[in-house]
Amino acid sequence: MDKVVITGGCGFIGLNTIDYLKKNKSHLKISVLDNESLGRKEYLKEFEGLEFFSGDIRDSDLVDRVLYGADAVVHLAADTRVLDSIADPVKNFQINVLGTFNVLNAVRNHSVPLLVNASTGGAILGEVSPPVHENMIPEPISPYGASKLSIEGYCSAFSGSYGVKASSLRFSNVYGPRSYHKGSVVAAFFKRILADKPIDVYGDGTQIRDYVYVDDICQGIYSSLNIGAEGVYQLGTGIPTSINQLIEIMQDVVGEYRDIKVRYHGFREGEIHTTYCDISKAEKALRYHPKTELTQGLKLTWEWFKNCTQP
Ligand SMILES: NC(=O)c1ccc[n+]([C@@H]2O[C@H](COP(=O)([O-])OP(=O)(O)OC[C@H]3O[C@@H](n4cnc5c(N)ncnc54)[C@H](O)[C@@H]3O)[C@@H](O)[C@H]2O)c1
């Protein structure tokens, strides 16, 4: 493999994937396609020798141009926020479903052999008994979840019909460095703590999630590329953690800095109460082995946030 295209490469998981690939496959030529709606081209400055295309995955001609000559695609670009998808399901559909269709069609046109697609577990499966796994019947409760399920369907169809090796990796709650622009729990909490403001918890804090450190997700992506994986895989840690437990650990991590103040609000529409995943399929087939404990991952993330100069 000589050339990989990363859609959404200016975003949180994209930047960390670039870092991981640079460290583990230094000869690889990396091209990034991003419309800078959330990530920024300037975030790529820390890396040398990248090719950057500014633009949207909804632009099929551009996507076709970018994928010419690629050996693999890591497809991360998406409308990623559950609440935004509830407010504007049309936009979510156009970016996630039609945009991904453009990516898959360009993969087919140029006979790109490999595609790794970023998917999600909780939002696709809905409120089911955890741990969630790949054999459960999907029942999304938000347009975001429905769009990701549809994308998985198209990945499978392009594997079956056109011989593309396509995998869909269902990430759980990813946290880590380079996530300042994110509204996800860990990023949102660290930003509030840095600003000396109370953190906002929607619900009573008993909600359970599976928090996974971003480097471990990058190992899963890297492994999927190397193996030429196909099918759907849950990537998380398999460890359930409540928001209240997370806050306790965060308090230990920022302990010398300040006391965390918490404000509790009502539960939010469209959000699942409890989800964590069974990662045994990925462990076996992808040799995916998350190794970063939550306390260690939060320490690394906090160090990055304290030194972050992003706007
Ligand atoms: N972060 C998580 O916890 C998590 C969990 C499950 C799934 N995922 C999936 O992983 C992928 C990456 O997530 P992330 O956390 O890095 O998000 P992110 O928002 O940090 O990155 C997404 C990037 O895609 C770009 N983008 C958005 N719409 C685009 C478009 N129409 N055309 C081109 N570029 C576009 C944004 O500018 C951004 O740089 C997404 O597909 C997301 O749904 C993430």
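The values are calculated or read from the model by the stated rules, or taken from the named source; none is laboratory data. As the structure is a prediction and not an experimental result, all values here were calculated from the model. Note that we place each Cβ from the backbone using ideal geometry, even for glycine, and neighbour counts take in every protein chain shown. Quick note on the areas: whole protein, heavy atoms, side chains included, nothing else; ligands and nucleic acids left out. Shrake-Rupley method; radii C 1.70, N 1.55, O 1.52, S 1.80 Å.
So in region 252-272, with the set limited to residues that are open to solvent by 50 Å² or more (accessible area, probe 1.4 Å) and free of Cβ contacts under 8 Å to residues at least 12 places away in the same chain, which one is nearest to V201 (Cα to Cα)? By that ranking, first place goes to D259. If you go through region 60-82 one residue at a time, how many are open to solvent by 20 Å² or more (accessible area, probe 1.4 Å), in a helix (DSSP H, G or I) and either touching a helix residue (DSSP H, G or I) at 6+ places or on another chain (Cβ under 7 Å) or among the basic types (K, R) (or both)? Total satisfying the criteria: 4.
Any residue in region 169-177 that is at pLDDT 95 or above and of a type in the set (G, A, S)? Let's see the steps before the verdict.
In the first step, residues of region 169-177 are kept if they are at pLDDT 95 or above; the result is 169-177.
Restricting the remaining residues to those that are of a type in the set (G, A, S) gives 172, 176.
Yes, that holds for at least one residue.
Scanning region 68-82 for residues that are in contact (Cβ under 8 Å) with a residue 60 or more places away in the chain and more than 13 Å from the ligand (Cβ to nearest atom) turns up G69, A70, D71, A72.
Taking region 273-289 on its own, how many of its residues are crowded, with 20+ Cβ neighbours inside 10 Å, in contact (Cβ under 8 Å) with a residue 60 or more places away in the chain and closer than 12 Å to D210 by Cα?
We begin by selecting, within region 273-289, every residue crowded, with 20+ Cβ neighbours inside 10 Å; these are 275-277, 279, 282, 286, 288.
Right, trim to in contact (Cβ under 8 Å) with a residue 60 or more places away in the chain and you get 275-277, 282, 286, 288.
Subsequent filtering for residues that are closer than 12 Å to D210 by Cα retains 275-277.
Result for region 273-289: 3.
If you filter region 43-59 down to residues that are within 11 Å of the ligand (Cβ to nearest atom) and acidic (D, E), you find that the one that is most open to solvent (accessible area, probe 1.4 Å) is D59.
Of all residues in region 218-242, how many are small (G, A, S), outside any helix (DSSP H, G or I) and either open to solvent by less than 10 Å² (accessible area, probe 1.4 Å) or modelled with pLDDT under 95 (or both)? Before you say what the answer is, go through the steps one by one.
In the first step, residues of region 218-242 are kept if they are small (G, A, S); the result is 220, 223-224, 228-229, 231, 236, 238, 242.
Those left that are additionally outside any helix (DSSP H, G or I): 228-229, 231, 236, 238, 242.
Now drop any that are not either open to solvent by less than 10 Å² (accessible area, probe 1.4 Å) or modelled with pLDDT under 95 (or both), which leaves 229, 236.
Residues flagged as small (G, A, S), outside any helix (DSSP H, G or I) and either open to solvent by less than 10 Å² (accessible area, probe 1.4 Å) or modelled with pLDDT under 95 (or both) within region 218-242 amount to 2.
Scanning region 17-42 for residues that are open to solvent by less than 40 Å² (accessible area, probe 1.4 Å) and within 8 Å of the ligand (Cβ to nearest atom) returns L33, D34, G39.
Only one entry in R209, R192 is open to solvent by 10 Å² or more (accessible area, probe 1.4 Å) and free of Cβ contacts under 8 Å to residues at least 40 places away in the same chain, namely R192.
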